[in-house]
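Please treat every number below as a calculation from the coordinates, not as lab data. Computed from a prediction, not measured in an experiment: that's the story for all the values here. Here the Cβ positions follow ideal geometry from the backbone for every residue, glycine too, while neighbour counts run over all protein chains shown.
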Amino acid sequence: MTADNRQVGQSASLWGQLRAMAGRGPAPYVLTLAYAAIVSALLLLNPTTGLGTDMVVVLFLLLMFVIYRAPTMLAFKLTLGTILLAVVMPVFGVLNPFYIDVVTKAGMFAALALGLNVVVGFAGLLDLGYVAFFAVGAYLWGIFSTPQISNIVPGMEPLHGSWFWLFLAIGLAVGAFFGVLLGLPVLRLRGDYLAIVTLGLGEVIRVLATNLDRPINITNGAQGIKDVGRPPLFIEPLFQSLGITISRLQEYQLYFYFLVLLVLALTVFVVHRLNDSRIGRAWTAIREDETAAIAMGIPLVRMKLLAFAVGASFAGTMGVIFSALQTFINPPTFDLLRSIGILSMVILGGMGSIPGTMLGAVIVTLLDLQLLPRIANELAALQRRGVPIPSWFDPAQYQRLLFGLLLVIMMIFRPEGLLPEDRRRQELHHDEPEPAPEAKTSPAVPESAQSVEG
Amino acid sequence: MALLEAKHVTKQFGGLTAVNDVSLTIEAGSIVSVIGPNGAGKTTFFNVLTGIYKPTSGAIVFDGKDITGLRPDQITALGICRTFQNIRLFNAMTVLENVLVGMHTRLNAGLWQILFGTPAVRAEERASLNRARELLKFVNLDHQRNQLARNLPYGDQRRLEIARALAASPKLILLDEPTAGMNPQETAEATELIRRLRDELGITVVLIEHDMRVVMTISERITVLDYGTKIAEGLPDEIRSNPRVIEAYLGKGAAAHGVEQVGG
C-alpha cells in the first residue's frame with residue numbers, strides 16, 4: 001500500500017471532490033478554455049485603466065499557472081499559453097499601454113527571481129546582495145551605449161543600439177564573472193554569516209556605482225546615466241507591412257515585452273534542465289547537508305561557484321535589458337531593498353520551485369506596481385468623497401503595510417510558499433499522510449538473528 | 001595486498017592530539033573494525049582518511065596512490081566512501097535521489113551537455129536510475145524509493161546511507177557505527193548486510209562499532225584506539241583477552257558492560 005493510493009481514497013472533502021471532478025476527462029480542457037476566454041474577452045473588450053482591469057490582469061497571469069497545473073496534454077498547454085501571451089496580451093497592450101509595462105516588469109522580475117532561486121532555493125546559499133549583478137548588467141550597457149564610455153576609453157563613441165544584442169550575451173558573461181568574483185570570498189561561510197557578507201558585497205557594488213564619478217567619471221555617480229541606448233526596432237517594417245500603425249513608444253513596449261518573454265522562457269528552460277541533472281542534485285545535496293555532500297564526492301567549491309555564476313548571469317542579462325527599457329539608471333535602483341524584494345518573491349512563491357518562484361515574482365510585482373497604489377488611490381478617493389476615514393490616515397503611506405502583513409500571514413500559514421517544490425511541501429507538513437512505518441511495527445523475529453549470534 | 005595504508009597519521013586540533021601516530025594496514029577484501037572508548041579518535045581518524053580533515057603529519061596510501069591532503073571529492077572518486085555516526089541523509093530529497101547524489105563522481109555530464117540535453121546525458125541519466133534501483137534492491141529499500149529520506153524508519157535510514165555510499169562504486173567503505181541505536185533484530189540485519197557488502201560486492205569494509213557482539217562476529221581484524229593512540233591490533237580472540245584493551249574500557253566507566261560483552 002503506497003501513500004499515493006491512500007491520499008486519493010481519502011480526499012472526501014468537498015474541495016477534494018471538486019478537484020477530482022475538475023480533473024476528469026474533458027473537464028480540465030473545458031474549464032481552462034472557459035477561463036481563458038472570459039479573461040481574454042474582459043481584457044480586450046474593456047481596456048480601461050482601473051481597479052477592475054487590475055484584477056483581470058491578475059487573473060490573466062494566474063491563468064498561466066492554472067494552465068501549467070491543469071491535467072491536460074502538453075500540446076494544449078503550449079498552444080493556449082502561446083496564444084494568450086503572444087496574441088492576447090500584446091493586443092491588449094496596444095489598446096492600453098499602461099498594463100503591458102507592468103507585465104514586462106513582472107516577467108523581468110520573474111527571471112531575476114529564478115536566478116536568485118538557483119542560489120537560495122536550490123543550493124541553499126542565502127544571498128542578500130543579488131541585485132548587485134543586476135546593477136552590473138545595467139551599468140555595463142548604460143556605460144557603453146552613452147558618452148560615459150568616452151571618459152573611460154578616450155575618443156570612443158557610444159555604441160550603436162544594434163550592439164544591444166551582443167551585450168545581452170556579454171551581460172550574461174559579465175554577470176557570471178561577477179557571480180564567481182563575489183562568490184569566492186563567501187565559499188566557506190554558511191547561513192547567517194553568508195547572508196551578511198553577501199549583503200555587504202551588494203552594498204559595495206551600489207556604493208561603487210554612486211562614487212565612481214571620480215577620479216574618472218565611469219558611472220556618473222548619484223546622478224545616474226540617462227539616455228541609455230535602445231536597440232533598433234526591427235519589427236517596425238513588419239508592422240507597416242501588416243498595416244498597423246502604432247506609436248514608437250508602443251512599438252518599444254511590445255518589443256521589450258517579447259524580449260523579456262523570450263529571455264524568461266530561456267531562463268526557465270536552463271534552470272529546469274540544470275535542476276533535473278546531476279548538477280541540480282548536487283546543489284540540493286549541498287543545501288541539505290554540506291558535510292554529507294562533500295563526503296559523497298561533490299566538489300563543493302565548483303558547485304557553489306557554479307550556482308553563483310548561473311544565478312548572476314541571468315541578472316546580468318536582465319540588467320542590460322532593464323537599462324535599455326528604462327533609458328535611465330541610477331544607484332538607488334539597486335539598493336538592499338531591491339535584493340530583499342527579489343528574495344521575498346522567491347520565498348513567497350516557494351523556494352526551490354520554478355513555477356512557484358515565477359508566481360511569487362508576478363504577485364509581488366503586481367502588488368508593488370499596480371494593486372497597492374491603486375487600492376491606496378481608491379481609498380483616497382473615498383476619503384475625498386466623505387467616507388469616514390480619519391484624515392490622518394494617508395492610504396498612500398500605508399500601502400506597504402498591507403504588503404508586510406501579507407508576507408507575515410503567508411509565512412505563518414504557508415511557510416513553504418504558494419507553489420512549493422513538490423519535495424518541500426511534504427517536508428513542511430509532517431502532520432499530513434505519513435508513510436506506513438512497516439519495518440518498525442513488524443514484530444517477527446528474523447531467522448538470521450540466531451545464526452548471526454551463534 | 002594492502003588496499004589502504006595509514007602511516008604514522010597524526011591529527012592535532014590546537015593543543016589536542018585527536019589521532020596520535022596511528023599506523024594501520026587494511027588488506028583488500030577484509031572486514032576490519034576500529035574500536036575504542038568514546039572520544040578515542042575513531043571518527044576523527046575516519047575524517048582524516050576521507051579527506052575531511054588533513055592530517056597534521058603522516059601519510060595515507062590508498063590502492064598504491066598517496067592520497068594525503070587530497071580533497072574529499074577526489075578521495076571519493078578514487079574509491080573510498082563512508083557513512084556517518086549520526087545519520088546524515090539529504091532529508092528533503094527522495095530515497096532514490098539520495099542514491100543518485102552518491103553517484104555524482106561516477107557521472108560525467110558537463111554543464112553544456114546538460115543544457116543541450118545531449119543523447120549521452122539522457123543515456124547516462126537512464127543508466128544511473130537503473131543502477132540506483134539495483135542498489136536500493138540490494139539494501140531492500142526499492143519499494144520506498146519515492147519517500148522522502150526523512151520519513152524512513154531509523155533502520156531504513158541506516159541502510160539508505162549504505163546504499164548512497166555504494167552508489168559511488170567504492171573499493172573501500174567506512175561505516176561509522178552502522179548499528180548504533182538499533183534493536184537486536186535490526187542489528188542482526190545490519191550485520192548481515194555488512195557481510196554481503198564484502199561477499200557479494202567485493203568491497204573492503206572498515207567499521208567503527210561499539211556493539212561488541214557485532215565486532216566479534218564479523219571482524220577479521222580489530223584495531224583498538226584509546227586517547228588517539230593505537231593500543232592494540234589483532235584477531236578478535238587476541239583483542240578479547242588483551243589486558244590493555246580491557247583496561248582502556250574499564251577506565252572509561254562504561255567498561256563493565258563492554259567487558260562482559262567481550263567475554264560473552
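For the peptide B:80-88, the mean number of other protein chain Cβ atoms found within 10 angstrom of a residue's Cβ is 3. Label-to-label distance, A:Gln326 versus A:Ala41, with points set 7 angstrom from Cα along the beta-carbon direction: 4.0 nm. Our estimate of slack between A:Val387 and A:Phe177, defined as 0.36 nm per intervening residue step minus the Cα-Cα distance, is 70.0 nm.
Projecting the Cα atoms of B:Pro170, B:Ile26, B:Phe46 onto the dipole axis of chain B, where Lys and Arg carry +1 and Asp and Glu carry -1 at the beta carbon, places B:Pro170 farthest toward the positive end. In terms of the mean number of neighbouring beta-carbon atoms within 10 Å, the peptides A:357-366, B:98-107 order highest first as A:357-366, B:98-107. In this rough spin-label picture, where each label sits 7 Å from Cα along the Cβ direction, the A:Ile340-A:Phe239 distance is 4.0 nm.
Structure shown: which of B:Lys42/B:Lys137; A:Lys304/B:Lys11; A:Lys77/A:Lys105; B:Lys7/B:Lys65; B:Lys7/B:Lys54 lie over 20 Å apart, alpha-carbon to alpha-carbon? B:Lys42/B:Lys137; A:Lys304/B:Lys11; A:Lys77/A:Lys105, as the Cα separations exceed 20 Å there.
How about the stretch A:16-81: which trypsin sites (Lys or Arg not before Pro) there lie in a loop by DSSP and see at most 15 other Cβ atoms within 10 Å? Passing sites in the stretch A:16-81 are A:Arg24.
Rounded to the nearest Hz, the phi-derived 3J(HN,Hα) couplings of the stretch A:162-171 under the Karplus curve 6.51 cos²θ - 1.76 cosθ + 1.60 (θ = phi - 60°) are 5, 5, 3, 4, 5, 5, 4, 6, 5, x, where x marks glycine and proline. Residue order for B:Arg145, A:Arg414, A:Arg384, fewest other beta carbons within 10 angstrom first, comes to A:Arg384, A:Arg414, B:Arg145.
Taken about its Cα centre, chain A carries a charge dipole of about 560 debye when Lys and Arg each add +1 at the Cβ and Asp and Glu each add -1 at the Cβ. Projecting the Cα atoms of A:Gly81, A:Ile218, A:Leu159 onto the dipole axis of chain A, where Lys and Arg carry +1 and Asp and Glu carry -1 at the beta carbon, places A:Leu159 farthest toward the positive end. Note on B:Thr10, A:Thr146: ascending count of other Cβ atoms within 10 Å places them as B:Thr10, A:Thr146, the fewest first. Dipole of chain B computed with +1 at Lys/Arg Cβ and -1 at Asp/Glu Cβ about the Cα centre; of B:Phe90, B:Thr191, B:Phe62, farthest Cα towards the positive end is B:Phe90. For the stretch A:265-278, backbone phi angles converted through the Karplus equation (6.51, -1.76, 1.60; θ = phi - 60°) give residue-by-residue couplings of 4, 4, 4, 4, 4, 4, 5, 5, 4, 5, 4, 8, 10, 4 Hz, Gly and Pro being listed as x. The peptide list B:169-177, A:299-307, B:237-245, put in order of mean Cβ contacts within 10 Å with the highest first, becomes B:169-177, A:299-307, B:237-245. With both labels modelled 7 Å from their Cα along Cα-to-Cβ, the B:Asn86 to A:Tyr398 distance reads 4.8 nm. Residue by residue along A:267-280, Cβ atoms of other protein chains within 10 Å of the local Cβ number 4 on average. Put simply, when A:272-285, A:161-174 are sorted by average Cβ atoms within 10 angstrom per residue, most first, you get A:272-285, A:161-174.
Across peptide A:295-307, the mean count of Cβ atoms from other chains lying within 10 Å of each residue's own Cβ comes to 6.
In order along the stretch B:103-112, the phi-based Karplus estimate (6.51 cos²θ - 1.76 cosθ + 1.60, θ = phi - 60°) of 3J(HN,Hα) comes to 7, 3, 6, 9, 9, 10, 4, x, 3, 6 Hz; Gly and Pro are listed as x.
Here the residues A:Met21, A:Met345, A:Met108, ranked from fewest to most Cβ neighbours within 10 Å of their Cβ, fall in the order A:Met21, A:Met108, A:Met345. Expressed as a fraction of 2.2 N^0.38 Å, the value expected for a compact globular protein of N residues, the C-alpha radius of gyration of chain A is 1.12.
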